[in-house]
Amino acid sequence: MTAIDTTAGTGGVRSARHGVLRLGLARVYYEARMYFRTPDSVFFTFLFPFIMLAIFTAAFGSAGNIGSAPDGSGGVSVGAYYLPGMLAAGMLLSGVQNLAVDIAGEKSDGTLKRLGGTPLSPLSYFIGKIGQVLVTGTIQAALLILVARFMLDIALPTDPAKWLAFAWVFLFGVIACAFLGIALSALPRSGKSATAVVIPIVLILQFISGVYLQFYVLPDWMKNVASLFPLKWMAQGMRSVFLPDSFASLEQNGVWDLPLVALNLGIWLVVGLVLSRVTFRWIRMDS
């Protein structure tokens, strides 16, 4: 009996995987370059958290520290309090808003249809989009932290455990938001309507999730609604990193509850992955 040589098949599968990864990494560079060449993306997703942090600091800084004692001692500055929320908002904007609007536009102008006729696989396309969000989101977060430290004089955590928490909250949150952005891109009927569909969703989530409003002053029903979405958990995770531990008592359950943060972000990452794969098409089904 002649032995069957499976090495060629194995080598072919390995080569195909390397090809998918290679094309995906090439797309990361292309997508990041195009991102910074688009003024709308740069302003409304990259610079927006910087602008909002500056506005909140300038507008409410004179009111005194947040969480201070009756005699005015203690607490944190307005800028320090809103920094975690702006970091979480940046993750949401870079992933959900940026990709949902961008991909809807690519569907509308025929870009995805043309890509569907090339050797580019959906997986390579996903790698390019998610990689772009990771790159731009990391740059945005790093610059926002530097601005907070050196321009707004906001003290940063010194405990390595805090920065470890920052790393996994950021990574889970950015990837989950990227997948959700890909999935949400299937909702707009055209590229022109994408901003009208996506921006209100993103804006409402920011108001109810502790980004623009102090989360502990919101009514319980609004907190419960916010808990159904990932932004609330990203903001809570970021607050655990940058705010004093005494502020944990202001959270919905009175603690930072990082295991629950990780669980919810993990669930949303899986949900986003499934939805993005199920809903993604090179062309609209109704086109």
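Spin-label model, Arg149/Ala196: points 7 Å from Cα along the beta carbon direction are separated by 4.5 nm. Could you give the angle, 0 to 90 degrees to the nearest 10, between helix 122-150's Cα long axis and the longest principal axis of the Cα atoms of the chain? Compared with the principal axis, the helix lies near 20 degrees.
If you roll a 1.4 Å probe over the heavy atoms of the protein chains, what accessible area per residue do you get for region 208-285, in Å²? If you can, show how the numbers build up before the last one.
Details: 3580 Å² over 78 residues.
In whole numbers, region 208-285 has 46 Å² accessible per residue.
Placing one equal scatterer on every Cα of region 160-287 and applying the Debye formula, the log10 ratio I(q)/I(0) at q = 0.11, 0.22, 0.23 Å⁻¹ is -0.43, -1.30, -1.37. Positive-end ranking of Ser193, Ser240, Ile139 along the dipole of region 129-287, with charges on Cβ about the Cα centre, is headed by Ser193.
The shape of region 70-134 comes out prolate: with a ≥ b ≥ c from the C-alpha gyration tensor, a/c is at least 1.5 and a/b beats b/c.
When the accessible area of region 118-196 is computed with all protein chains present and a 1.4 Å probe, what percentage of it is carbon and sulfur? Mind dumping the intermediate values first?
Details: 2680 of 3580 Å².
Summing carbon and sulfur atoms, their accessible area is 75 percent of the total for region 118-196.
Here region 54-164 is assigned +1 on the Cβ of each Lys and Arg and -1 on the Cβ of each Asp and Glu. Its dipole about the Cα centre then comes out at about 400 debye.
What's the magnitude of the charge dipole for the chain around its Cα centre, counting Lys and Arg as +1 and Asp and Glu as -1 at the beta-carbon? Answer in Debye, nearest 20. Present the calculation step by step, with values, prior to reporting the outcome.
Numbers: 20 positive and 14 negative charges, 235 e Å.
Magnitude of the dipole: close to 1120 debye.
For region 35-184, the Kirkwood radius over C-alpha pairs fed into Stokes-Einstein at 10 °C and 1.306 mPa s yields D = 93 µm² per second. Straight-line cross-link partners of Lys232 among the lysines, defined as a Cα under 22 Å from its Cα and at least 8 positions apart when in the same chain: Lys162, Lys223. For the chain, the longest principal axis of the alpha carbon atoms and the long axis of helix 160-184 meet at an angle near 50°. The lysines within cross-link reach of Lys192, meaning a Cα-to-Cα straight distance under 22 Å and a gap of 8 or more places when in the same chain, are Lys107, Lys113, Lys129.
Select one label from (i) 13.2; (ii) 19.5; (iii) 15.3: the one whose number is mean projected area of the Cα convex hull in nm² as derived from the coordinates shown. Calculated mean projected area of the Cα convex hull in nm²: the matching label is (ii).
The values are calculated or read from the model by the stated rules, or taken from the named source; none is laboratory data. Just so you know, these numbers come straight off a predicted model, no measurement behind them. Note that each Cβ is placed from the backbone with ideal geometry, even for glycine, and that neighbours are counted across all protein chains shown. Just so you know, the surface numbers come from the protein's heavy atoms only, side chains and all, with ligands and any DNA or RNA stripped out. Shrake-Rupley method; radii C 1.70, N 1.55, O 1.52, S 1.80 Å.
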